[in-house]
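**Q** Here it is, the structure, as structure tokens.
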Amino acid sequence: MAMASASQAGPDLSHYPGGEALYRLRHSAAHVLASAVVDLFPDTKVAGGPPIEGGFYYDFAREQPFTPEDLEKIETQMRKIIAEDQPFEYLEADREEALRRFGAAGEKYKVHFIGQIPEGAKVTYYRNGRFLDLCRGPHLKSTGEIKAFKLTHVAGAYWLGNERNEMLQRIYGTAFPSQAELDEHLHRIEEALKRDHRKLGRELDLFSIHDEVGAGLIHWHPKGAMVRHLIEQFWKDEHLRRGYQLVYTPHIASEKLYSISGHLENYSDLMYSPMDIDGQPYRVKPMNCPNHIMIFQTRKRSYRELPIRLAELGTVYRYERSGVLHGMDRVRGFTVDDSHLFCTREQLGAEVEGVLDLMDFLLKAFGYQYHAYLATRPKDHFLGTEEEWDFATDALRSALDRRGLAYEVDEGGGAFYAPKIDVKLKDALGREWQCPTIQVDLNLPKRFNITYVGPDGKEHIAAMVHRALFGSLERFVGIYIEHTGGEFPVWVAPVQVIVIPANPRAFDYAHDTARLLKQGGVRAEVDVRDDKLGAKIRDAELQKVPYMLVVGPREAEAGTVAPRRKGEGQLEAMSREAFLERVLEESRQRRV
Ligand SMILES: [Zn+2]
Ligand SMILES: [Zn+2]
């Protein structure tokens with residue numbers, strides 16, 4: 001990176017997405033960016049900038065903001081530097097000499113970095129053309145090896161990431177080995193912007209967030225709520241089919257509960273402050289587990305009753321810093337598709353396997369591929385004994401193996417109380433999102449003394465599985481909006497069919513058709529607005545409604561409809577009954 005570290009040791013490139021070659025390319029492009037800026041705007045002071053995932057940036061201090069026209073000029077200058085094929089030349093100097101040199105040039109940011117290098121140590125530079133940068137490499141041999149790059153945007157960035165420091169200007173760019181790869185990357189970025197769930201959430205009238213209410217708190221509008229309702233219904237039906245029992249639990253609880261669970265001690269940063277109720281401190285709940293344990297413990301349980309699988313779409317509230325809040329993706333109140341499975345240690349393996357099977361079923365219904373990670377015991381801070389951790393981790397590992405599910409091991413990545421399987425979904429743009437999590441917990445059962453009576457007539461501590469398969473409804477739906485680009489398949493579409501009267505004389509037939517469809521279980525609406533037909537058709541397109549029925553006197557006469565299927569175009573005219581059956585069938589199949 002064009003930023004020296006205190007140690008001057010080479011950066012670790014093994015984790016750079018795309019590998020070392022791409023790192024070198026983008027790192028070198030960052031140098032070329034900085035040299036072009038200094039060529040064009042000599043008053044600018046350079047701070048530094050590394051390759052990042054997907055590209056690179058460089059920070060500059062300059063009075064006037066860089067404009068889009070400036071970026072174009074800088075790109076042109078960069079092309080010139082690339083055409084000159086300047087070698088990246090390695091140089092060394094004494095720390096003191098480096099301090100003098102950069103100090104004299106007024107490069108205070110570089111002076112700061114050199115100041116961090118131990119006294120007496122060597123400082124390494126790289127030079128291309130006239131531009132000298134403090135750097136530990138590695139680079140390409142020369143600027144001419146940069147084949148395809150693009151500057152994307154400018155944003156403010158605090159010096160050293162500290163908001164008490166001055167604001168610098170960060171120019172972002174990206175570089176790829178070939179123009180084709182660069183074009184594809186830029187296309188993906190453009191597509192991601194088009195699919196941004198905050199934008200589509202507004203355009204499709206799905207949800208909103210309000211200053212008057214507070215940041216990170218989602219309001220589901222009728223259409224968004226319908227999407228959520230359909231997903232919840234699907235989730236509940238499948239859970240009931242698989243031997244889960246639904247429960248509901250309160251949103252607040254006495255602090256006593258969280259003192260037993262250990263949340264007060266280990267989790268209080270994420271919990272909201274207590275409220276006073278009759279002189280007792282209460283909290284809004286950050287998790288559902290303790291409540292499900294309460295239900296389990298209302299009576300003595302026999303091993304014959306186990307496993308008991310309690311499921312709840314449980315709304316919880318957790319503190320997130322305002323800076324990380326993002327649409328539906330990072331919020332402060334959310335609904336976990338939560339379940340707690342209580343069982344014997346012997347049953348754990350089969351229970352985890354059952355959860356993996358259910359997860360597979362649910363995720364495939366939304367068209368997701370996924371990838372599993374086994375997160376094991378943290379190095380330092382963990383509850384319980386090593387024996388318990390080994391046992392719990394084995395239960396997860398063997399379930400993955402029995403299902404033949406490939407996974408990576410995330411060494412030390414477990415929660416402080418349990419190992420877990422984390423699963424990342426892959427969306428239509430190839431982006432990965434961590435949603436499902438499955439944890440085998442032998443600690444909370446001890447803290448709460450969760451027991452059952454075994455075949456030996458004695459009390460035993462139960463084992464427990466925590467699991468959420470969507471993660472939260474907010475996040476899952478946010479990701480799903482981007483995955484589908486708002487074009488929900490028929491089974492989740494809030495409006496499946498829009499009926500558009502071709503002229504006022506067709507109003508009655510339009511209403512009658514919608515009524516017939518609704519009675520048959522199809523979500524149909526009539527566009528009754530006093531607007532041009534063309535405008536109504538365009539709106540239905542923009543609202544991404546799967547089926548559009550434009551009806552006129554001809555259809556009314558024949559008792560038919562001529563459906564337009566989004567993505568397929570005009571279909572043959574058919575009877576209204578046949579159309580109803582077609583939509584229902586498509587909905588039943590949950591075609592993605
Ligand atoms: Zn460098
Ligand atoms: Zn839990």
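The values are calculated or read from the model by the stated rules, or taken from the named source; none is laboratory data. If you're wondering where the values come from, they're calculated on a predicted model, not measured in any experiment. FYI the Cβ positions are ideal-geometry reconstructions off the backbone, even for glycines, and counts take in every protein chain you see. Just the protein is used for accessible areas: all its heavy atoms, side chains included, with ligands, DNA and RNA removed. Shrake-Rupley method; radii C 1.70, N 1.55, O 1.52, S 1.80 Å.
**Q** Among the residues of region 189-202, which ones are surrounded by 13 or more Cβ atoms within 10 Å (Cβ to Cβ), of a type outside the set (Lys, Arg) and assigned to a helix (DSSP H, G or I)?
**A** Ile189, Glu191, Ala192, His197, Leu200, Gly201
**Q** OK, next. For region 5-117, list the strands (runs of 3 or more DSSP E) that sit wholly inside it and hold at least 1 residues that are away from ligand 2 (no atom under 16 Å from the Cβ) and among the aromatic types (Phe, Trp, Tyr); which are they? Break it down stepwise before answering.
**A** On the way: elements: 45-48, 55-61, 89-94.
The strands (runs of 3 or more DSSP E) meeting that bar are 55-61, 89-94.
**Q** One residue is enough: does region 552-560 have a residue meeting the conditions out of contact with any His (no Cβ under 7 Å at 6 or more places or on another chain) and closer than 19 Å to Pro494 by Cα?
**A** Scanning region 552-560 turns up no residue that is out of contact with any His (no Cβ under 7 Å at 6 or more places or on another chain) and closer than 19 Å to Pro494 by Cα.
**Q** OK, next. If a residue has to be under 42 Å from the mean Cα position of the chain (by Cα) and open to solvent by 60 Å² or more (accessible area, probe 1.4 Å) to count, how many in region 85-126 make the cut?
**A** 8
Residue by residue, here is whether (1) farther than 20 Å from Thr335 by Cβ; (2) open to solvent by less than 30 Å² (accessible area, probe 1.4 Å) holds:
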{"residue": "Val423", "(1), (2)": "no, yes"}
{"residue": "Gly430", "(1), (2)": "yes, no"}
{"residue": "Met464", "(1), (2)": "yes, yes"}
{"residue": "Arg475", "(1), (2)": "no, no"}
{"residue": "Ala493", "(1), (2)": "yes, yes"}
{"residue": "Ala510", "(1), (2)": "yes, yes"}
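**Q** Out of curiosity, is Arg515 basic (Lys, Arg), modelled with pLDDT of 95 or more and within 30 Å of Glu541 (Cβ to Cβ)?
**A** So Arg515 passes the test.
**Q** For residues that are farther than 21 Å from Gln347 by Cβ, among the hydrophobic types (A, V, I, L, M, F, W, C) and open to solvent by 20 Å² or more (accessible area, probe 1.4 Å), tally how many sit in region 432-457.
**A** In the first step, residues of region 432-457 are kept if they are farther than 21 Å from Gln347 by Cβ; the result is 432-435.
Then drop every residue that is not among the hydrophobic types (A, V, I, L, M, F, W, C), which leaves 433, 435.
From what's left, open to solvent by 20 Å² or more (accessible area, probe 1.4 Å): 433.
The qualifying residues number 1.
**Q** Let me spell it out: the conditions are (1) closer than 17 Å to Asn503 by Cβ; (2) open to solvent by less than 40 Å² (accessible area, probe 1.4 Å); (3) more than 38 Å from the chain's Cα centre (by Cα), and Leu549 meets all of them except one. Which number is the exception?
**A** (3)
Residue-wise test of (1) open to solvent by 40 Å² or more (accessible area, probe 1.4 Å); (2) within 24 Å of Ile260 (Cα to Cα); (3) within 16 Å of ligand 1 (Cβ to nearest atom); (4) among the hydroxyl-bearing types (Ser, Thr, Tyr).
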| site | (1), (2), (3), (4) |
| --- | --- |
| Asn288 | no, yes, no, no |
| Asn291 | no, yes, no, no |
| Ile295 | yes, yes, no, no |
| Arg304 | yes, no, no, no |
| Tyr317 | yes, yes, no, yes |
| Leu325 | no, no, no, no |
| Asp329 | no, no, no, no |
| Asp337 | no, yes, no, no |
| Leu341 | no, yes, no, no |
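**Q** Condition first: open to solvent by 20 Å² or more (accessible area, probe 1.4 Å), acidic (Asp, Glu) and closer than 18 Å to His483 by Cβ. Can you find one or more residues in region 354-363 that meet it?
**A** Yes; the residues of region 354-363 include at least one that is open to solvent by 20 Å² or more (accessible area, probe 1.4 Å), acidic (Asp, Glu) and closer than 18 Å to His483 by Cβ.
**Q** Considering region 155-182 alone, what residues qualify as being open to solvent by 80 Å² or more (accessible area, probe 1.4 Å) and outside any loop (DSSP other than H, G, I, E, B)? Write out each step before concluding.
**A** Just the residues of region 155-182 that are open to solvent by 80 Å² or more (accessible area, probe 1.4 Å), to begin with: 158, 160, 163-164, 167, 179, 181.
Tyr158, Leu160, Met167, Gln179, Glu181 - these are the residues of region 155-182 that are open to solvent by 80 Å² or more (accessible area, probe 1.4 Å) and outside any loop (DSSP other than H, G, I, E, B).
**Q** Residues of region 290-349 being aliphatic (A, V, I, L, M), assigned to a strand (DSSP E or B) and over 30 Å from His219 (Cβ atoms), which ones?
**A** Answer for region 290-349, where residues must be aliphatic (A, V, I, L, M), assigned to a strand (DSSP E or B) and over 30 Å from His219 (Cβ atoms): Ile308, Leu341.
**Q** Right, next: Go over the candidates Ser35, Ser28 one by one and state the one that is open to solvent by less than 30 Å² (accessible area, probe 1.4 Å), under 32 Å from the mean Cα position of the chain (by Cα) and among the polar types (S, T, N, Q).
**A** Residue meeting the stated conditions: Ser28.
**Q** Looking at region 491-523, which of the residues that are part of a helix (DSSP H, G or I) and aromatic (Phe, Trp, Tyr) is nearest to Leu206 (Cα to Cα)?
**A** Phe507
**Q** Here is a check on your reading of the model: is Glu351 out of contact with any Phe, Trp or Tyr (no Cβ under 8 Å at 6 or more places or on another chain) and open to solvent by 50 Å² or more (accessible area, probe 1.4 Å)?
**A** no
**Q** Give Arg403, Arg447, Arg431 a once-over and let me know the one that is basic (Lys, Arg), over 22 Å from Ile479 (Cα atoms) and away from ligand 2 (no atom under 13 Å from the Cβ).
**A** Arg403
**Q** For region 476-495, give me each residue that is in contact with a strand residue (DSSP E or B) (Cβ under 7 Å, 6 or more places away or on another chain) and under 14 Å from Ala225 (Cα atoms).
**A** Within region 476-495, Phe476, Val495 qualify.
**Q** Can we say Asp276 is away from ligand 2 (no atom under 14 Å from the Cβ), in a strand (DSSP E or B), at negative phi and open to solvent by 30 Å² or more (accessible area, probe 1.4 Å)?
**A** Yes.
**Q** Further question: Go through region 139-154 residue by residue and tally those that are within 24 Å of the chain's Cα centre (by Cα) and surrounded by fewer than 14 Cβ atoms within 10 Å (Cβ to Cβ).
**A** Residues meeting the conditions: 1.
**Q** Further, regarding this structure: Only one of Glu459, Glu432 is of a type in the set (Asp, Glu), more than 16 Å from ligand 1 (Cβ to nearest atom) and closer than 30 Å to Glu190 by Cα. Can you tell me which?
**A** Result of the check over Glu459, Glu432: Glu432.
**Q** Within region 394-432, how many residues are part of a loop (DSSP other than H, G, I, E, B), closer than 15 Å to Asp357 by Cα and either within 22 Å of the chain's Cα centre (by Cα) or touching a residue at least 12 places away in the same chain (Cβ under 8 Å) (or both)? Give the derivation first.
**A** The first filter runs over region 394-432 and keeps only residues part of a loop (DSSP other than H, G, I, E, B), leaving 403-406, 411-419, 427-431.
Of the ones still in play, those that are also closer than 15 Å to Asp357 by Cα are 403-406.
Narrowing further to those that are either within 22 Å of the chain's Cα centre (by Cα) or touching a residue at least 12 places away in the same chain (Cβ under 8 Å) (or both): 403, 405-406.
Here the count works out to 3.
**Q** Of a type outside the set (D, E, K, R) and touching a Gly at 6+ places or on another chain (Cβ under 7 Å) - does that describe any residue in region 238-261?
**A** Yes, that holds for at least one residue.
**Q** Which condition breaks for Gly485 when tested against (1) on the phi < 0 side of the Ramachandran plot; (2) touching a helix residue (DSSP H, G or I) at 6+ places or on another chain (Cβ under 8 Å); (3) surrounded by fewer than 21 Cβ atoms within 10 Å (Cβ to Cβ)?
**A** Among (1) on the phi < 0 side of the Ramachandran plot; (2) touching a helix residue (DSSP H, G or I) at 6+ places or on another chain (Cβ under 8 Å); (3) surrounded by fewer than 21 Cβ atoms within 10 Å (Cβ to Cβ), the lone unmet condition for Gly485 is (1).
**Q** Return the total of residues in region 235-267 being at pLDDT 95 or above, in contact with a Leu (Cβ under 8 Å, 6 or more places away or on another chain) and outside any helix (DSSP H, G or I).
**A** The number of residues fulfilling the criteria is 5.
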